[in-house]
Every structure is written in structure tokens, then in C-alpha cells.
1. If I filter segment 249-256 for residues that are of a type in the set (Gly, Ala, Ser), in a helix (DSSP H, G or I), open to solvent by 20 Å² or more (accessible area, probe 1.4 Å) and touching a residue at least 12 places away in the same chain (Cβ under 8 Å), do I get at least one hit?
2. Hey, any hits in segment 281-289 for a residue that's of a type in the set (A, V, I, L, M, F, W, C), part of a loop (DSSP other than H, G, I, E, B) and at pLDDT 95 or above?
3. When residues of segment 257-288 are filtered for being touching a helix residue (DSSP H, G or I) at 6+ places or on another chain (Cβ under 6 Å), aliphatic (A, V, I, L, M) and open to solvent by 40 Å² or more (accessible area, probe 1.4 Å), how many remain?
4. Search segment 186-204 for residues being open to solvent by 20 Å² or more (accessible area, probe 1.4 Å) and among the small types (Gly, Ala, Ser), and hand back the single one that is farthest from the chain's Cα centre (by Cα).
5. Only residues that are of a type outside the set (Ser, Thr, Tyr) and out of contact with any Pro (no Cβ under 9 Å at 6 or more places or on another chain): list them for segment 77-102, please.
6. Just one of the numbered conditions (1) open to solvent by 20 Å² or more (accessible area, probe 1.4 Å); (2) in a helix (DSSP H, G or I); (3) not basic (Lys, Arg) is not true of Leu183; which one?
7. Which of (1) open to solvent by 10 Å² or more (accessible area, probe 1.4 Å); (2) in a helix (DSSP H, G or I) is the odd one out, the single condition Glu146 does not satisfy?
Amino acid sequence: MSPGHSLAPWSRIGPRGADGGGSVTVMTAEGEALVGGMVNAGAVFRRGELVERPAPRNARALHACLLALREHGFDAAPAPVGLTADGREQLTFIPGDVALPPFPEWAMTGAALESAGSLLRRLHRAGAAVAVDTHTEWPRDLADPEGGTMLCHNDVCPENVVFRDGRAAALIDFDMAAPGRHLWDVAMTARYWVPMLDPGSAASLHPSGLDAPARLRILADGYGLSTGDRAELAGVIEQATEVCRAFVARRVADGDPVYRQALAERGGWERWDRVQTWLADHRKTFTAALLN
């Protein structure tokens, strides 16, 4: 998962399958280890056409949603196969390419961005017809604080999108999925893909010269966002950034060594301050780009 691209510790690009986070494969005695991501590092293995990874606490409800999404036409996600006695889940492997940071040019083209928006719209179109189990304890880390009735992915970063022929073909790693508004998922996706970062922060992991207002418009067009949603999007992106910052703060406070190291290497809390100030200062510019 990547609450901010600056937190991803890997810098390779490789073939990828149905686990969260981008990966390359490393052969081990247990099978092909899918290397990448932050939470399940070293615990995800491909065995033939299946991937085994630690099961989230809400795995049964999540698997039911993934199967229901397929029934409603969204087959661009891993299909759940089952749960093992030792607390792991089995999912189908999805072949393709996933970009790992620092992100390559091919993953940051306008066509790639537009296709990511289109893929997210497909997820939401199917998800609108899927009933979410309200009795399940869905993860709240990156979830929409206003809640909702539709399952949102909440972590559509480049590491969680499988590409084929330069276009987004599938979403992986639904560990952070939870009910919310469709606009929340668009905002979270924009944070990662535009990216919604000040130029100095973006330059550390993204190609230089990306035009944030123009790219935000491309994402919105790819998704088919309504005029009303476009008027609200910049504000929801600021809200999503605050939620992501709080997520990182909790991990750091809990002593998570990966997040503590990443925070230190990427500019600390001063970077988060700079990003949030930049977003607020450019809110009108983003809204104008979306509505013109």
C-alpha cells in the first residue's frame, strides 16, 4: 500500500501479479516471492496461477465483494480462491506490468493516466450494484471519513495497477478497501497518479515536468466525472491528504521501522506541510482546470 509514493522503498519495475504493491519475483523454497509493497513484504508467494498472501481480517467479506464484482462485469481484479488454515488467502495471479518507484515514463503518460481513471470508473459502476456487508469491520486507515455504501479501493497507486500494452488493465491489493463515496476514491487516485504533490516532492519519484492541473483534468475525463464532482474534487483531495498524513503518523508513532525510515528519507513532516500548503494555494487553479 502507498499512502504516499514517497513511502515506497523499492525502485524497480517488473512483471506483477495479484498482490498489493508492485513487484518483481524472487525464487525461494516456498515459490516465487513477489517483492514489493510495504505491509506484506516477504510474505507473498506465487505458486503457479495462484498467489498466497496474508489474509486481511475482513477477508471473507472482501472475497464476497470481489466475487460479486465479477458477477456484475468487473473482472479486472484478482479472483479469490480460498483461505488456508494458517491465515492466508489464495487469489488468482494477474499477469502484466506494474511500475515501481521511481516511476518510469511509460507509467506516467497521459494515456496511462486516462486509462487508470477509466478502470476506476468500471470498478465503481459494478460496485454500485454490490451490497457491502455493513456488519463487517472494514479497515478505516485510508477510508472515506464520511462513509458510504459502495466499496472503494482507497489505494489505487501505480504499484497497485497492472498494465498491459500501456493501459491500466487490472487493480490489485484491496486490503484497504472500505465503503465510501466514489469521489473519495477518485481523490485518493489523483493523489498518487497526478501526483497531487508540490513540484519538489513530485520530482523525487516522478518524471520531471508533469503538469498537475492538466493531469488532474485527464484523470477526471477518463473517469467521466460529473460537473458537480469536479467542483468538489480539489477539496476532497485535501481531505484525503490529511487522512493519509494521519495514517503515516499512526504508523510512525507505533514504531513501524519502514514508515519511520521512509518519513526521514523523504523530508519528514516538513514535506507534508509543504504539500498541504501547496494544495490549498492551488485549489482554485485545479478547479478551473477541471471545469474549463
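1. no
2. Kept after step one, since they are of a type in the set (A, V, I, L, M, F, W, C), are these residues of segment 281-289: 286, 288-289.
From the residues that got through so far, the ones that are part of a loop (DSSP other than H, G, I, E, B) too are none.
Checked against the condition, which is being of a type in the set (A, V, I, L, M, F, W, C), part of a loop (DSSP other than H, G, I, E, B) and at pLDDT 95 or above, segment 281-289 yields no hits at all.
3. 0
4. For segment 186-204, the residue satisfying everything is Gly200.
5. Going residue by residue through segment 77-102, those that are of a type outside the set (Ser, Thr, Tyr) are 77-83, 85-91, 93-102.
Within segment 77-102, Ala77, Pro78, Ala79, Pro80, Val81, Gly82, Leu83, Ala85, Asp86 meet the criteria.
6. That leaves (1) as the condition not met.
7. Here Glu146 clears every test but (2).
Residue by residue, here is whether (1) farther than 26 Å from Gly180 by Cα; (2) open to solvent by less than 10 Å² (accessible area, probe 1.4 Å); (3) assigned to a helix (DSSP H, G or I) holds:
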| site | (1), (2), (3) |
| --- | --- |
| Ala85 | yes, no, no |
| Pro101 | yes, yes, no |
| Arg122 | no, no, yes |
| Ala126 | no, yes, yes |
| Val130 | no, no, no |
| Arg140 | no, no, no |
| Asp155 | no, yes, no |
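The values are calculated or read from the model by the stated rules, or taken from the named source; none is laboratory data. Worth saying up front: this structure is predicted, and the values here are computed from it rather than measured. We place every Cβ from the backbone using ideal geometry, glycine too, and count neighbours over all the protein chains shown. Quick note on the areas: whole protein, heavy atoms, side chains included, nothing else; ligands and nucleic acids left out. Shrake-Rupley method; radii C 1.70, N 1.55, O 1.52, S 1.80 Å.
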